[in-house]
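Just so it is clear, none of the values below were taken in a lab; they were calculated from the coordinates. Note that the structure is predicted; figures quoted are calculated from it, not measured. Reconstructed Cβ throughout: ideal geometry from the backbone, glycine too, with neighbour counts over all protein chains shown.
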Amino acid sequence: MGCNLTQRIIKEHLADGEMVAGNQVGIRIDQTLTQDSTGTMAYLQFEAMGIDRVKTERSMAYIDHNMLQQDSESADDHRYIQTVAKKHGVYFSRPGNGICHQVHLERFGVPGETLLGSDSHTPTCGGIGMLAIGAGGLDVAVAMGGGPYYIMMPEVINVRLIGKLRPYVSAKDIILELLRRISVKGGVGKVMEYTGEGVKSLSVPERATITNMGAELGATTSIFPSDELTRAFLKAQQRKEVWRTLQPEEGATYDETIVVDLRILEPLAAMPHSPDNVKSLAEIGEVKVDQVAIGSCTNSSYQDLMKVVGILKGKTVHPDVSLVISPGSRQVLKMLAANGALADLIAAGARILEPACGPCIGMGQAPSTNGVSLRTFNRNFKGRCGTVSAGVYLVSPETAAISAIAGSLADPRTCEEDIAVDIPETFPVCDNMIISPADEGVMVEVVRGPNIKPFPLNQTLAEKVEGSVLLKVGDNITTDEIMPSNAKLLPFRSNIPYLAGYCFVPCNAEFPKRANEKNGGFVVGGENYGQGSSREHAALVPLYLGVKGVLAKSFARIHKTNLINSGILPLTFKHPVDYNGIAELDDLCIENAGAQVRNGNRIIVRNRTRVAEYEMSIEVSDREREMLLAGGKINLIRQQAKQKCVYIDSAHPLMRF
């Protein structure tokens, strides 16, 4: 049997373990990326390791999230990231250069290589055949230091595309169809690998839209083959030398196959408040629209925005609609300006935002009270847009543009214009907003603003772990709900003590106060706990507040890893019905916790309030088990370094990778 594409790349990068289902494997990482929302913490952790220079082929630091700069905090963080990047060998993409995933796809992604990013939408680069995975900042810091990235050997799902999309039906509708079929947790522990004749009809930007939103399936990553269309895209980006053909080997096998017939797809939308709440536009019917936002890392390419121009040109946005457009990169914005399309958008009444994440991360453009916002983004979790009462629908650029004119949700197939857009033969390349690292990092002074605070470290796992149930939540709790990330809080991502006052506030405004009064405790959750963003703040802030463990029916992949990295016990109900028997403020206790974690996957949790016991599973590798016993990844590294008698300096007795 031959290897599928995912297995081929893992095999080429295997650093530890065996490629057997259920085994943990360590993968050598070629490239890393960070963004400013998660990057500050990642670089603080990298510095704590005492490593002078990154060991990757290329590491990138992007500034694309904290762009409003209402006060000094964001600018201070940007200066810190710029100087620490220059010192340690990281390339720095300046504010205004574009969204990390769009820029990386354009300028740095390489077919067949591995990419680890501190953002859940890092799989965007799977659109060019890269094995691109989102992770927490600490895992990225370790990868920058030359350490492998560990994952459970994933199942590989063959998404076989047949036929060709009809006019005005888009790549966004393909991924929405998958979300409709398998839900936001249907991809957990899996890689979505796209094959079939339909692949040949999709451009690289269209493929990238699909791999980007594979994160909403909960998938480890998504990947397309690298073919002649990939070569043409990279040649147009003046990077043809990095291209290689990559296809599954003959006789490749898969764990499952999902067939999507592109010929019968129709325009879809994800209704509030989940990306998998998907219906056809015909099923939804007419919905009055207050705001339309086009852009984000999902749909902000030149091809996407030129289709929008084709619909809007010569028309005017409905008087009741606010239309904002965010180009994905400076390259895209420059092209729109050069060919007159930018003038057409402005003439139609669009408001042009800078190339950044913007409204997608809640940085501005919050809808009106009870407003309806159509967005070409990837997430529509309640309150993420900045207005808790708003209803956000996820749609294609074509649907967004035609609806902006109509003033209500409209089917793009009613459009009479030909909006087909070919990939240009040549993209204008200008990388002058990317700053190279210093040749001699020792000469660079790292600048730290007063907002940058130390990150919390756990302690060695106690033999008795006890505390109150501080909070009980339901299914599909997001990292946005655990640690909100809006325009008011995003500038404080390097200040864990400040953020602690807002932890879990969307679920229960009393949580921070309760956690402090009870000296920490436990959180109880339902299915797919911690879905969404990769932000490790959703583990670090609970750690700061004393959370010792999370009891859930199941966990989202990245968040579970972040909990382990922080030394917080991720416990899964062996019998899900036990979830019903626990209430907030119940007194829980794990006796002989160290021995239980050390000896297997079975943990007994006693509920002293209700005189009950719960059998929990702790589904971790031996390596992760050692992390939990040590109180987290950093502590384990320190322990290993001491055992090897490797000392960087008196402050950081850490192992070099």
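Pairwise inverse Cα distances across the stretch 268-413, averaged and inverted, put the Kirkwood hydrodynamic radius at 14.7 Å.
Using only the Cα atoms, what convex hull volume per residue in Å³ does the chain have?
Dividing the Cα hull volume of the chain by its residues yields 145 Å³.
The local environment of S329, defined by Cβ-Cβ distances under 14 Å, has a net charge of -1 under the rule Lys, Arg +1 and Asp, Glu -1.
How big is D, in µm² s⁻¹, for the stretch 173-330 by Stokes-Einstein at 20 °C and 1.002 mPa s if Rh is the Kirkwood radius over C-alpha pairs?
121
In units of the rule-of-thumb radius 2.2 N^0.38 Å, the stretch 539-585 shows an alpha carbon radius of gyration of 1.19. Let me have the relative contact order for the chain, percent, based on Cα pairs under 8 Å that are six or more residues apart. That works out to 14 percent.
Given their separation in residues at 0.36 nm each and the Cα-Cα distance between them, E47 and T245 gain 67.5 nm when the chain is fully extended. Counting other Cβ atoms within 10 Å as a rough exposure proxy, the listed residues V597, V611 run V611, V597 from fewest neighbours to most. The order of the peptides 395-402, 328-335, 69-76 by mean Cβ neighbours within 10 Å, most packed first, is 395-402, 328-335, 69-76. Taking Cα atoms only, the orientation of helix 72-88 departs from the longest principal axis of the chain by about 80 degrees.
Count the net charge of all other residues whose Cβ sits under 13 Å from the Cβ of V199, scoring Lys and Arg as +1 and Asp and Glu as -1.
Net of charged neighbours comes to -1.
Seen from L409, the other residues with C-beta closer than 10 Å to its C-beta sum to a net charge of -1, counting Lys and Arg as +1 and Asp and Glu as -1. Multiplying the residue separation of I264 and D418 by 0.36 nm and subtracting their alpha-carbon distance yields 53.4 nm.
Within the straight-line cut-off of under 16 Å between alpha carbons, the lysines reachable from K87 are K55, sequence neighbours fewer than 8 places apart in one chain being disregarded.
I need to check one value: relative contact order of the stretch 268-413, counting alpha carbon pairs closer than 8 Å and at least 6 residues apart, in percent.
35 percent.
Between 0 and 90 degrees, the angle of helix 397-406 with respect to the longest Cα principal axis of the chain falls at about 60 degrees. Full extension of the chain segment joining R166 with D587 gains 145.8 nm, where the gain is 0.36 nm per residue of separation less the Cα-Cα distance. For the stretch 279-338, the fraction of alpha-carbon pairs lying more than 17 Å apart is 50 percent, rounded to a whole number. Scaled against the 2.2 N^0.38 Å expected of a compact globular protein of N residues, the Cα radius of gyration of the stretch 5-264 reads 1.00. When the pairs K172/K235; K279/K313; K513/K548 are compared against a 21 Å limit on Cα-Cα distance, K172/K235; K279/K313 fall above it. What the Cα atoms of the stretch 465-644 give is an Rg and a Dmax of 15.5, 47 Å.
Considering helices alone, the calculated mean residue ellipticity of the chain at 222 nm is -8000 deg cm²/dmol, with DSSP H runs of length four and up weighted by -39500 (n - 2.57) and normalised per residue. If you take the Cα centroid of the stretch 1-42 and the Cα centroid of the stretch 588-602, the two points sit 30 Å apart. For the stretch 110-260, the alpha carbon convex hull comes to 119 Å³ per residue, rounded to a whole number.
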